[in-house]
Amino acid sequence: MKSGQGIRQRFTRVFGRWLSRRIPPSSSITLSHKSIFILPTGLGFSWLMLITILFVFGTNYQNNLVMGLSFLLFSVFNTCIIYSYKNLAGLSLTRLTNAPDTFASQLCYVPVLHSCPNEAFEIHLSFAGQQIEVVKKVSAETTESSLSFNGTVRGKLNPGRIKVESRFPLGLCRVWSHVDLSIEQIIFAKPIKANLALASLSNDNNVESVGKYVAGVDEFSGLKQYVKGESLKQIAWKQLAQGRGMLTKEFQQPQGTPLWITLDDNDYNLEVNLSRLSWQVEHLSSKHQIFGLKLAEATINPDHGEQHRINAQTQLALYHNHQLSNNNG
């Protein structure tokens, strides 16, 4: 058993190095004869066996009709090889960088753009061991598909090569390729609800002192007219239902000394602490709260907004990330 696994792993490594030379990683790849592989399917092998039987039967009994049928079936199979190859030839795949936020243990969706000048049909896209995304038709117009990746953990995710496969038109031939779009995505720490405890940093000796709850983080201060682009979480749905139009809720902003989210390095359960900080970042960002992030490896100055939220979550995701591994390629 162990010997068989070792041989399989060695073959996988050798095949991976060969693929890297033949189809090198790139942010955009167009499939051609160099990157397309083709073999008969189970149905295709059965088809060839039937042709062989008919041919032997026809020659043995000198039956021209049976021999003609075997030639016809062989010509259909040969034509299927050509059309199966042409179905993938020219297909272009491009990675997108604006992937949606993903937290650990969530299903990760990786957006990929695809187009084909000659049109392609029944294309299957998937990462190794993941759910298959079926694209019924790919035209010259660029469209987007989201490939799923399950089993994510905090840190950098490199899902590996995308398997592109098709059995169009008759299912007699399987045409496939393995493309590497150099996809790398940050997986945020899984949020765990926790008490909101902010700290203030002394400018004199840079010593942390635990602060009290900040008045205004959860206090409603009023309504204002909705501005396009604002978070839907802030919309006053009750007032909208009353016919008062699109309004958004406003909350009081922090006053005085800048407030910080800090990590307790002395606590042995690092992942739980990071998950709690992740929830605090989401909570404060949803309230438009100004806050900073203080870690042993990095400091993010107090600010607010979507980019500040992403920066904070990224630092939490990459904190001591050398201890974790997301690379499934």
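Odds and ends about this structure:
- Modelled FRET efficiency - R0 22 Å, Leu107 with Ile192, Cβ distances, 0.05 increments: 0.75
- Förster-model FRET efficiency, 30 Å R0, Lys86 and Thr314, C-beta, rounded to 0.05: 0.10
- Under the simplified labelling scheme, the Asn301-Trp18 pair shows an inter-label distance of 5.5 nm, with each label point 7 Å from Cα along Cα→Cβ.
- In this structure region 1-88 gives 72 Å² per residue of accessible area when probed at 1.4 Å with all protein chains present.
- In nm, spacing of pseudo-spin labels at Leu50 and Phe37 (7 Å Cα→C-beta vector): 2.7
- Between region 144-190 and region 261-313, the Cα center-to-center distance that results, in Å: 31
- Karplus (6.51, -1.76, 1.60) ³J(HN,Hα), θ = phi - 60°, over region 99-107, in Hz, Gly and Pro reported as x: 6, x, 4, 9, 9, 3, 6, 8, 6
- Accessible-area composition of region 13-80, carbon plus sulfur, in percent [1.4 Å probe]: 68
- With 18 Å as the limit on Cα-Cα distance, the pairs of Lys136/Lys163; Lys249/Lys287; Lys34/Lys136 that go past it are Lys34/Lys136.
- Where labels lie 7 Å past Cα in the beta-carbon direction, separation of Ala140 and Glu119 in nm: 1.2
- Per-residue HN-Hα couplings for region 27-34 [Karplus 6.51, -1.76, 1.60; θ = phi - 60°; Hz; x = Gly/Pro]: 6, 9, 9, 10, 6, 9, 4, 6
- Dipole of region 71-146, positive direction: furthest Cα of Ile81, Pro100, Leu113, with charges on the beta-carbon: Ile81
- Around the amide H of Arg174, modelled in the peptide plane, lie the amide H atoms of Leu39, Thr41, all under 5 Å away and 5 or more residues distant in sequence or on another chain.
- When the charge dipole of region 1-131 is built from unit charges on Cβ atoms (+1 for Lys and Arg, -1 for Asp and Glu) and taken about the Cα centre, the candidate among Phe37, Leu19, Gly6 whose Cα reaches farthest toward its positive end is Gly6.
- For Asp101, solvent-accessible area (1.4 Å; no DNA, RNA or ligand), Å²: 70
- Solvent-accessible surface ranking, highest first, for His178, His114 at 1.4 angstrom: His178, His114
- Taking amide hydrogens as placed 1.01 Å from N in the peptide plane, the amide H of Ile186 sits under 5 Å from those of Leu157, each at least 5 positions away in sequence or on another chain.
- Among Lys163, Lys190, the order of accessible area from largest down is Lys190, Lys163, computed with a 1.4 Å probe on protein heavy atoms.
- Under 5 Å between amide hydrogens, built in the peptide plane, is the criterion, and for Leu263 it picks out Lys294 among residues at least 5 positions away or on other chains.
- Each Lys and Arg contributes +1 and each Asp and Glu -1, all at the Cβ; summed about the Cα centre of region 1-54, the dipole is approximately 420 debye.
The values are calculated or read from the model by the stated rules, or taken from the named source; none is laboratory data. Here the structure is a predicted model, which means the values were calculated and not measured. Ideal geometry is used to build each Cβ from the backbone, glycine not excepted, and the neighbour counts take in all protein chains shown. Just so you know, the surface numbers come from the protein's heavy atoms only, side chains and all, with ligands and any DNA or RNA stripped out. Shrake-Rupley method; radii C 1.70, N 1.55, O 1.52, S 1.80 Å.
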